[in-house]
Every structure is written in C-alpha cells, then in structure tokens.
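A.B. asks: Mind looking over this structure? Questions follow.
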There are 2 protein chains.
Amino acid sequence: MKMSFSHLISQCSLLWLLLFLLAIVNAVPKSEEYKTYIIHMDHTHKPTSFLTHKSWHRSILKSLLSSPADDDKELLLYSYSHVMHGFSARLTPSQLAEIEESPAHLATFPGSTGKLMTTYSPKFLGLQQNFGIWPAASYGEDVIVGIIDSGIWPERESFNDEGMSPVPQRWKGECENGTAFSPSYCNRKLIGARSFSKGIRAKGHDISKGEEFDSARDFVGHGSHTASTAVGNYVPGVSHFGYARGTAVGVAPRAHLAVYKVGWLKGQVEAPDVLAGMEKAILDGVDIMSLSLNFHGQLPYFADVIARGSLSAVEKGIFVVCSAGNNYEFATVGNAAPWIATVGAGTLDRSFHATMTLGNGVPIEGTSYFPESVFITDIPLYHAKGNLSKAICNDKALDIKDVSGKVVLCDYSTNITTSQQIMEVQRAGAFAAIFLTDASFSLFAEEYSIPSLILPTASGTLVKEYVTKVRNPKVKDMRFVLTRYGTKPAPQVANYSSKGPSPVSPGVLKPDILAPGDDVVAAVAPTRPYIQVGKYNLSSDYQLMSGTSMATPHVAGVGALLKSIHPEWSPAAIRSAIMTTAYAEDNTGTVFKSQLLDLESASPLEFGAGHINPNKAMDPGLIYDMGLQDYIEFLCGLGYTKKEMSVILGQTQWSCSNKSIHDLNYPSFMAVLPTETRYPVTMKFSRVVTNVGNNKAVYRAYLENIPTGLR
Amino acid sequence: MKMSFSHLISQCSLLWLLLFLLAIVNAVPKSEEYKTYIIHMDHTHKPTSFLTHKSWHRSILKSLLSSPADDDKELLLYSYSHVMHGFSARLTPSQLAEIEESPAHLATFPGSTGKLMTTYSPKFLGLQQNFGIWPAASYGEDVIVGIIDSGIWPERESFNDEGMSPVPQRWKGECENGTAFSPSYCNRKLIGARSFSKGIRAKGHDISKGEEFDSARDFVGHGSHTASTAVGNYVPGVSHFGYARGTAVGVAPRAHLAVYKVGWLKGQVEAPDVLAGMEKAILDGVDIMSLSLNFHGQLPYFADVIARGSLSAVEKGIFVVCSAGNNYEFATVGNAAPWIATVGAGTLDRSFHATMTLGNGVPIEGTSYFPESVFITDIPLYHAKGNLSKAICNDKALDIKDVSGKVVLCDYSTNITTSQQIMEVQRAGAFAAIFLTDASFSLFAEEYSIPSLILPTASGTLVKEYVTKVRNPKVKDMRFVLTRYGTKPAPQVANYSSKGPSPVSPGVLKPDILAPGDDVVAAVAPTRPYIQVGKYNLSSDYQLMSGTSMATPHVAGVGALLKSIHPEWSPAAIRSAIMTTAYAEDNTGTVFKSQLLDLESASPLEFGAGHINPNKAMDPGLIYDMGLQDYIEFLCGLGYTKKEMSVILGQTQWSCSNKSIHDLNYPSFMAVLPTETRYPVTMKFSRVVTNVGNNKAVYRAYLENIPTGLR
C-alpha cells in the first residue's frame, strides 16, 4: 500500500535553520592535559589476534604509554561494541594525535557534558483499570524498561514488586554492589541496576563521598522520579506535601525496571557514561530505553552520543524515548534524530491553590504551592498605598515594624519579579503574602518560603478595593494545600519545553509528541530537602518535578504497553502508533495553547503530532513503519560524508538510493523553505503505510487543513 | 443448659466502693434562677384527653406560667417518651416545686453537663479483606450505627458512599437543614444527621456564631473521628502529618451512619440533649448506638441519663456502646450499667519516631510526633554540662546565645516535665532538642512545637557520652515522620483509661472490653489547628486522637459486624460474644501491661474480659444472654426504691424474684468482699449459657486460674 501526499505550504521561513547545520569543531587542547574523548574505530581493522574489541582497544592505548609500567586502565574508560565501535579514554593531545593517525581511526569527539533534565498523569492519559490499553497490555507485563538516568532509591514504595511476574528468562542484566547498594535490592520490579562513572571521574569529580553514592543509588532523585513515572508500582496516598494527593502509579505498572545510572552530582552527565549505560542496556536486553537527559547544543548525529547509541538500540528493536530539552525557545529541540521518539512537555488539568477570606467575607482563591497546611485566622492585611516601592515589595522597601504578623499585599509591577517580592516579604518578617501578577509564570514550588498565594491582577482588584476602603483591613482566614482538577485550558505546551524545528534534522518535525511533564508527582531520593520554610528545611518522599524529563518516561511507559500488545512492532511502528493517534485539541475544544506565547495557539513545532493518547495508540489502523535502511537513506540525504556515515552507522558498508529526506517514512511532514520562496509552493512527500488493524478495513486518504501559524 | 461456678477469691478489698453508692443530692437553687432539669413522669397518669406525651408535658409547663401570654416553649426543652417518660425544661425553683407536687411526678434530676471524650486499628484487630468477619458480615452492610457525639464533617472522604448499599427501608431518620448543613449532604453512607442543642442553649451558650455550627456539622472534630472509626469508608493515603500513613477505614465500612449531635463548644454535653439524641436514634431505627461521652461522677442508674436512655435502647434490641472515661485511676469507670458495653482504651503496636546520627556516626532513634518532615544536617549539639539548671532545661535557664541554631540535649529530672522542658527549649530559640526521660509518659503529639525526639535515659547515655568527650559535638542528621509497627508490648492498657470497679455496679466487672483507643487516626473537622510550629498553626484532615472515646466506636463497629451476621442476637448476646472471645495476652505472650502502673501487669479491673477480637467474636460457641427481666432482677438486687425502679425502668409495673446480683447472667464474674473478710471465701455465681454454635457441640466446663493481682 503506497500513498503519496502533496501539501500546499502557505507560509514558512525556516532557511536560517540550515545555518546550524554547518561546522563541528574538534577543539584541540592547548597543553598536554588529559581530556576525555570518544573514539570511533573502524572495527573491520581489528586484527584477528584480538579476541575482543576491548583487548584491541587496550592494546592501542597501551602502545601510547611511554613506559610499560604505566597502567592503561587509567586511560580506558569504556570499550563499546554495540552502541558504537570504539572506546572512550582520557588522553593527552599527543596521545590523541597518535590514535588519529591509525588507519582504523574513524572519528574523535570530545566527551561532552550534559544534564538531566509524578501521579495523576496516568489518569489524565485515560489509563484505567480494566479498560483500554492497561488490561490489553497486562499493564506492561514482561516488558523491560531501561532508564538511563541518575539511578534509583530502591526503598521507595514505587519499586516494590507486589503483583509482578517473574524476571523474564531472556534478561541478562544484573544488580551491582556499591556504596549503599547491593544486589539484594533487586526484585521482580527492579531487575537490574548498574552505575557508569568513569566519565565523571575522568573529569576529576569525586563521587565516593558527600554529595553522591558510588553506586546505582540515586542521589539527586531525578532517576527515581522518571523510573517511578514510567513503571512505578501502585502506591496509595502519595502527595507533594499534601498537594496532588492520590495513588502514585507508573504508566506501565507491571513492566520491569532496569536502571543505568549515568547522572551524577546534581545532574551532571558525561557522554562516555551515557554511551556505556546505553551499551549495557542493549546487551542486557531492555525493550524500551528512556533518556531524560540532554547535551548542550544540537550536534549532527555522528557527533551526538545519544543519537549514535540510540540508532544501535533501534536497530536491535529497542524503542528509544528522549526528552526534547527545557530550553524554552524555538529551534532548541534536542535528541531530534528521526529514530528517537522526542518528547515535549505538556501541562495537566490540575492546579494548586490556597483560599482566603477577606475581613468583609469575600472569598478569594489563588495559586499556591506553600508546603504546609497552615491555619491562619484573623490577621491584619498590609498594603503600602501610595508608596510604590513598598506597594510592589521592592528590595529592602518593607519594614518589619509595618509587616510583622501581617499578610502583605504586593502589587504587580514589571520592574520586579514575584521571586524577588517573596524574598523581600520574607526578609522583612511578614506573616504571609498575596502577590498580584499578570506574568505567565510567577514562582516555582520551591520558592514558596512563606504562606502566600498568587492572584491575577483582575481578581486582585477585589483585594485592593477592600484594603483601600476599610480602616483596619484583615484576612479572616487563609487555607493552603488545595488541589483542583479540571483546570482549563489543558493540556498546554509548557513554557520551557524545547521547541522545533531542529537544525540537525530538517524535514523531520520535532518534538514528536507531547506528554505530561509539568508538576508531575513521583518518587525522589531522601538526600536533599525540597524547600526551606522559616528556619527548617522540608523534604518529601514523593515530589513535584517539571520538565521534558518528566514527560519522557510517560512515553516510555506507553511504549512498554504497546510493546506488550504488539511485540512484533518495530520502534518506528510504536512511535507511529503514538503519533498518528495523538490529539491536538485541549479541554476547551481548541488547539493547544503555548505558555511561551502567552497562551496563544501553539503550533506543531511545539507539540509535534499532538498529545499522547495511549488507549487510541494500541489500535492505530495504519502505521508508518521504518527500519535501519530508511534511516540510512535519510542520513545519505543529509549529505554526510562517508566517514560521518560510518561513524553514525558503526559500519563501513551501506547503500543509498538518493531518496529525498522528505520521503523518510515519518508519521509527520515538514518542509523547510527558503525565506525568498514565492507562494504557493508545491512539495511532494512519499509515504508507505502498513495496515496493522482489521484485515478487511478500507482506508481513504483525505486532506485536513494543516494548522495555521507555522513558525 | 445451666451451669454454676464456684470461684475462690484470694484477696479483695472493695468495701470502700460501697460508700459511693449513697446519696444523690437534688441541689435546690437558692434564688428564682432558671435551671435545667430532667423530670421523670409516671405516664400512666397522663389524662386520656392528651393525645401525645408532648401535649401533656406542655400543658403542665403552661400551667406554671403566671401569664398565659408567656410562652411555654421557653420552658420545655424536650419531651421524651422512648428513652424515658418525661421531659427536660428550664424551671425556677418554685416552678420545679409545683411540678414535684404532681402525683404524676416520679423524679427530678439536674440537667448535668458531660464531655466528649485512626486507621491502622482495623488491621490490628485482624480485620481483613476476604477473610473472617469482614466478608462474613458483608463489612457491616445494612446495619445502621448511630453516633451520639459532636456531629459530622460530611465532606470528609470517610463519609463517601462508594460501594454502599441503598438506605434500608426501615430507616425513619432524616438529615437536617441548619448552619452549613443541608439534607443534600446525606448519602448512602450518611443516612441521618440531626443536632440537639436546647440543653446547651438553656445553659446560656450561643451556638449560632463563632466557635460552633448550629447544625449537625461538627465543630470540634470529635464526632467525625468516632464516626469514621466505626463505619468510615475506605480512604487511601491518610496520615497524621505523614505519621501512620495508610488507608483509613472504619471497623464496619459498609454500615450506614446516623449522626446525632449533642456535643457543643469544645465538647460540652448537656444531659437533655443526650437524652433527646438517644430518643431520636431509637425512633429512627439504629441498630447500634455509640456514645463516646461521659458525665462527671458516677451516678446511680436512675440518675444517669445515659444509663436510662440506653436501657430503653437495649430493650428495643439496640446494642449500646459507651466509653469508660479517661480518669486514669481505679474505681473511676463510667457508663458502667450492665446493659451497656463499657469500653476501655488499649494501645496499638505502632509508634512514631525520629532518627538522628551523631557526629561520630552513631545512629539513634527516639519517640517523636513532630509534624513536619524537616531535614536537618550538621547542627551543633549543645549540652550544659555541670550546670544542672541548664542541663535539665529548667524554666528560663537557657540562653539564646548558647542554643540558637543548635540541638539542645535536656537531661532527665523528676523536678521538671518534658512539657516544661520543650517550652523552655522553644522559648530560648533552639533549633531542635533531645529529651531524656524515664517517665512512662512524656509529651502529647500537640506539644512537639520544635523538632525533637525523646530517648529513655538508657539509650540517652550514648548521646551524653558523645557530647562529653568531643570538643565540637554535632548532630550529623535528624529525620522525622517515621512510623514503626510491631512495637512491644502491645496492646497495653492506656494510662488514662478509666479503671474499675464501678461503685455503682458492684458485682459487675467494668470496663467490659479493651479496644484500640491510643493514637487512633481518623477524620476531623477543619475548624481548628492541631499544633503550632514556629509562628504558624498547622492542621490536618485526619488526625491522631487518644482516649476511650476512640476505643468505643471500634466496639460499635464490631457490634455492627456481629449484628449483620446474627441479626437475631440480643445486645447482651453481642456483648457476650465480644467478651468471651477477647484475649488478655499481649504480643510478648504475657498478660497486658498497665501504663498507669508503670508497665506492671494489668488486672481485669483495667481490661475487663480482655482485648476485642472480632474474627473470633463471630463464633463464640456459647453466649450469656440477657433480656430486660434480667436487668430488672439486677436492679431489684441493688435495693432501689419503688420510685427509683420506676424511673430507671420507665414503667410502674415489674416483678422481681429476689435474685442475687451475682446471678445476673453476665459474661464476667466479680465479687465485692468486706476488707475484714477471712479467706478463703466461697462465692456462688449462677449462669445460663446458650449454644449459638454448632448444634452437635459438646462443651465441658473447666476452671482456669483466675488472674492474680486483683485490686
């Protein structure tokens, strides 16, 4: 079944994107300092005398040493043969130069540093007991999800194995022994846990004490959060300091979890470690790989460790899901290779509130994340009328004599942020605060250091009128820790969610899909406090986190469910099912709004195919399937050199038929046109769809109006 | 089947109890002030011209008024015809005298004032899904439990009606309309809600504003707590500020709830209101009546409104459960009439902790109820060595310069309580505290105003050694909100649980039964904060409460389960089943320990028949049954006058066969002997047991050694 679409593109100005595609600079170190490199080798050059790649790599490094007494182990970080052929090592510039002279040398890349980017969301996704994809997929039973992240806090209830089926026989992974971690932590849920730290150590960081665990144990909490979001078991009564209370459960609660710790020291990630983690995951036999991490910048695929590692994984049938990044702006989307499912962050229809009753009996409700259920009654309300500096709670404008024991009202001003206002109100010793603001974003949950609520200036008018007219204005009561559902419009495209297009993949619309990423509650590590209130730091076992990092494991979980129902589906088929069944209308019946654009309509450059819809994804009817050869054709179409091709493919032989990159059999369509294009323009996209639905179905192609406002 | 037991009583000295039995004083007011009285009338004197008792009572009161224009409504509070015959009214001494001259007048009692005395406990009781009494009783389906208490907060999740069967057709109750309450709050769970406030109003209290709701809505939270403990629906993820987290569920989660609010203004209870509530409950058709309230003093039954009202209820087949009271001492047990199930409070095997690591790495765990999950790291540890006043944190002994930002260690001293110490530590501005104590009781949960933990002096030695030997002692970390299960020994008899014997009922061992009453987590009203930490008050939807008030609804719930399985059982049969299947050995295999007696062995005067054991209670084999005539014989045996008899019985005709009160067919045995008794003494007890088990069973009577240490 072959179909061909012609799309009339009305408006576009994406030429500038192509500028990003140009130079990759391999910076040469100035002195003889050791630095970390990832070296691609042409494995066909491996002498047959070496039984393993590793022994070959070692001998190469050994030959670099001036004295045989020197230990090559200090040079070699990891030897890779699945995510790529080659190794990572600490090398001086001259050692590197020596290696690069070898005919087996393919390419060198610096060991780049990346960063790591909870549980009403399954319900928001429509996942239900005994209905739809959950029972159809047996809740993900027998599927193995690999989480490449900051490790795991295994004692969290989300990782108990109640109701789990035994570890699949094909599983080859293991649980490591390390600092505060032992194989006994593994169970039917957590079936593997390994850490990869040679890269971070090579950077001179000490992970053996203090702010880290030298093991798969999670220090920062990020990995526990993403793992519990993807495959966490049922945990009733979870909350973020009382907010968002409910049963925490992952998207695929019966899937097995394999943990690969590559994130260290507050989220730092080194490329050699990520590659090593991905390699181990491939070897172990994961079905799904979830990476909530992004490297700085947008590198061409041959220079991008995640792109390279994930192509190997996809080749082995592993569905790879990655975060789009949290860079707010357009053209910042990362992890955008066409074999990766690239995930943007949407909001839930849930919001957090405080209520207040004014002295005149008028009830007010505003946004608040204040983490204690404080009980406030009959407190004077303070507003510095006429004194602008005080009225907007300017830095050092408030006087403790004025505000002590009072609720302070801070006016909206574009000269000062709510973050600065709350710091001033707290500094001055106020009892509580009300902030008026029209900014689309005001405070992070961690910033609510005193009891406070945020009101849009429109509803703040009521408060200002009251405080102005009454002699001794007061707040009759304030109550916190209130959670509301059904917030509209939802989902929205989160402010920070990295937007397309990707300069690296013209013709491929990225991100692919939107998933819940904003204010997700999931498990964290108990190693760090969440917020300081008064003189005490507070912590919680389950916490809110926001980011494309949180959206990614949702898609990994859906991938696990689909894999359970359709074990024969390729990674491309799984992504196609997810994308073609996505929706793009929010709960007001209109196209998603963009937080970055002050709630104007968002475009596919922000939400890709739309928001994930798991129950529909299990029966997509038609899929756009792809295999390695499709990606090879696409890479050829990008004009990569032979060397670049062999680096990204990890093989020296391939064939291309000079297809247009527009003809990559992708479930979405995108054209990049020069700015001086005269409209209308005709572009041709070829696609092959495969029927995975009812055998007797008849499909008819028709054209819906494409979204307006492409940017 | 008739059996006779002879018990050899080794030691006893209860004669002094009889002293309590003497005078009831009807205090005569000195002036012409209005006071509230409860007037018992001989209803056989009601002229047939009056169709209702109420119209008769009204005409009596009307006749007292000097001018017909005066409104008799101001005098009459309630007219009663089920809990008793008579009425309550506001009367001057001369009006009272006039009524008392009537031949229909039986007795007058002052309108006395009483007071009101969560959810691991069902599990502790052995209640399980799909095993034992829960499924056998269909979780209490179709049984109606009436809670006579401070009303209800209907929005609490415990009162949702998910999974509830329809309201029974026999139900005659209703939901009232009142302040912040409407009939729409009722559902299949909450099937009735009424408030009774004429008594409290007559005392001159205004319940229409401020600290009360003039409706069945609960202000103090006590009624919501007891109601959710008895019949609360499943609520996952409930906790007391993070402690005791779990699913809250009542003992009979499918039983219906009828609420009768008689507790007002921080727990004040007026006798006329209690009688009115009980009367309404009887009329409405409740199956179980639970009263977690006690009046001051121990009145003879004819003067005790609860005894009086509950005899009417029992006569109608209603199982009445009452709290023993929280008076700590022996011979203080209340609600001890032999037709009432009188409940003492036991502890659970659950405890609340904080952990700490000293600077030298030594881990310490102590008791703590501090309500915030504060995260404390690397704080100096302060101990005033050598200065006794400072070392024991004496009042005003500490200096902010010494303790600010530090963890203060307070030594044990019998000169100062932990309550006083924590106040001093907080006053001086310390960061956190450690208290050493050997007292059996140290702090209430509400007293943990700063992060602190309590250690027995034995384990405190480690801390003192460390603080003495090290130059700059510090606490490496402190963590709070830790719950432990399996605490030993458990259950214990709670310190405060009122103990027997009852001076009013010699020969009847009271309390009857022990049930979980200590640190029970259940629903409360959101009207009051729980604790102040720093400058903020904190509240929680579900909270810890302790008392025989909390034990009582557990027994009411078990009664509901038994009623569901054995609808034909009399109230005496239900209690017998509960008592004869109770256990008296704790989880160390020895007899329960008494907190009041510094964990020496407790006696049946503290725990009655033992601790309730619901799964066994459903199949007791034999029961000691009783009906109204048994209680009449018992009352005759107490030597009550004819008038007193007609007051308590509410009837003028009865017959007695001059049985010994020892022959009341009670499931427990007790003898009161004069101090000068020469031992050994032989006493004879007659009992009739009824086989409610397998028809073909053979029972053989045998004598176990009775517990030693009777007091």
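A.B. asks: Report, ordered by chain and residue number, the lysines lying within cross-link reach of B:Lys474, taken as a straight Cα distance under 28 Å and ignoring same-chain residues fewer than 8 apart.
C.D. replies: A:Lys209, A:Lys266, A:Lys535, B:Lys385, B:Lys390, B:Lys396, B:Lys401, B:Lys406, B:Lys464, B:Lys535
A.B. asks: Roughly how crowded by other chains is peptide B:377-388, in terms of the mean Cβ count from those chains within 10 Å of each of its Cβ atoms?
C.D. replies: Counting other chains' Cβ atoms within 10 Å and averaging over B:377-388 gives 0.
A.B. asks: Quote to one decimal, in nm, the extra length available between A:Thr414 and A:Arg471 on full extension: 0.36 nm per residue of separation minus the C-alpha distance between them.
C.D. replies: 17.6 nm
A.B. asks: If you take the beta carbon distance between A:Ser102 and A:Glu174 as r and set R0 to 51 Å, what does 1/(1 + (r/R0)^6) give as a FRET efficiency, to the nearest 0.05?
C.D. replies: The pair A:Ser102/A:Glu174 has a calculated efficiency of 0.90.
A.B. asks: By per-residue mean of other Cβ atoms within 10 Å, what is the highest-first order of B:314-323, B:515-524, B:294-303?
C.D. replies: B:515-524, B:314-323, B:294-303
A.B. asks: Using R₀ = 22 Å, calculate the FRET efficiency as 1/(1 + (r/R₀)^6) where r is the Cβ-Cβ separation of B:Thr487 and B:Asp598; round to 0.05.
C.D. replies: Step by step, r from the Cβ atoms, then E = 0.80.
A.B. asks: Put +1 on the Cβ of each Lys and Arg and -1 on the Cβ of each Asp and Glu in chain A; which of A:Ile133, A:Ser165, A:Ala430 then has its Cα farthest toward the positive end of the dipole?
C.D. replies: Of the options given, the answer is A:Ala430.
A.B. asks: Once the convex hull of the alpha carbons of chain B is built, what does its volume come to per residue, in cubic angstrom?
C.D. replies: Dividing the Cα hull volume of chain B by its residues yields 183 Å³.
A.B. asks: By count of other Cβ within 10 Å, fewest leading, how are A:Cys656, A:Cys410 ordered?
C.D. replies: A:Cys656, A:Cys410
A.B. asks: Need one word for segment A:443-552: rounded, prolate or oblate. Basis is the Cα gyration tensor (sqrt eigenvalues a ≥ b ≥ c); a/c below 1.5 gives rounded, then a/b vs b/c decides.
C.D. replies: Taking the square roots of the gyration eigenvalues as a ≥ b ≥ c, segment A:443-552 is oblate.
A.B. asks: Any idea what the A:Leu65 label distances to the other copies are, label 7 Å down the Cα→Cβ vector, nm, shortest first?
C.D. replies: So the distances to the same position in the other copies read 11.1 nm.
A.B. asks: So for the pair A:Ser138, B:Leu388, with labels modelled 7 Å out along Cα→Cβ, what separation do we get in nm?
C.D. replies: Each label point is offset 7 Å from its Cα along the Cβ direction, giving 7.3 nm.
A.B. asks: Find, among the residues of chain B, the one whose Cβ sits nearest the axis of the rotation taking B to A; state the distance in whole Å.
C.D. replies: Minimum Cβ distance to the axis, with residue: B:Gly237, 1.
A.B. asks: For a quick check: sort A:Arg156, B:Arg427, B:Arg170 by the number of other beta carbons within 10 angstrom, fewest at the front.
C.D. replies: By the 10 Å Cβ count, ascending, the order reads B:Arg170, B:Arg427, A:Arg156.
A.B. asks: Specify whether the C-alpha gyration tensor of segment B:130-248 places it in the rounded, prolate or oblate class, a ≥ b ≥ c being the square roots of the eigenvalues: rounded for a/c under 1.5, otherwise prolate if a/b is larger than b/c and oblate if not.
C.D. replies: It comes out oblate by the Cα gyration axes.
A.B. asks: Related question: Mind checking segment B:344-401 for trypsin sites (Lys or Arg not before Pro) that DSSP puts in a loop (not H, G, I, E or B) and that have at most 10 other Cβ atoms within 10 Å?
C.D. replies: Passing sites in segment B:344-401 are B:Lys396.
A.B. asks: When a/c reaches 1.5 or more, the comparison of a/b and b/c decides; with that in mind, is segment B:629-711 rounded, prolate or oblate per its Cα gyration tensor?
C.D. replies: Oblate is the answer for segment B:629-711, as a/c is 1.5 or above yet b/c matches or exceeds a/b.
A.B. asks: Using Cα positions and a limit of under 18 Å, work out the lysines in reach of A:Lys189, with same-chain residues fewer than 8 apart set aside.
C.D. replies: A:Lys172, A:Lys261, A:Lys563
A.B. asks: Find how many whole Å separate the alpha carbon centroid of segment B:245-303 from the alpha carbon centroid of segment B:455-488.
C.D. replies: Centre-to-centre (Cα) distance: 44 Å.
A.B. asks: May I pose another question? Going by Cα centres, segment A:206-242 and segment A:565-592 are how many Å apart?
C.D. replies: The distance from the Cα centre of segment A:206-242 to that of segment A:565-592 comes to 29 Å.
A.B. asks: Could I ask something else about it? Neighbouring Cβ atoms within 10 Å as the yardstick, rank B:Trp56, A:Trp153 fewest first.
C.D. replies: Neighbour counts put them in this order, fewest first: B:Trp56, A:Trp153.
A.B. asks: So, in nm, how far is label B:Ser63 from label A:Val681 when the simple model puts each one 7 Å beyond its Cα toward the Cβ?
C.D. replies: The modelled label-to-label distance comes out at 10.7 nm.
A.B. asks: Report the charge-dipole magnitude of the protein assembly as shown in Debye, nearest 20, computed about the Cα centre from +1 at each Lys and Arg Cβ and -1 at each Asp and Glu Cβ.
C.D. replies: Charge dipole, the protein assembly as shown, about its Cα centre: 140 debye, nearest 20.
A.B. asks: Are there trypsin sites (Lys or Arg not before Pro) in segment A:242-286 that DSSP puts in a loop and that have at most 15 other Cβ atoms within 10 Å, and which ones?
C.D. replies: Here the trypsin sites (Lys or Arg not before Pro) that fit, given the DSSP loop and packing criteria, are A:Lys266.
Every number here is computed from the coordinates shown, using simple stated rules; none is lab data. Because the structure is a prediction, the values reported are computed rather than measured. Here the Cβ is made from the backbone with ideal geometry for all residues, glycine too, and neighbour counts use every protein chain on show.
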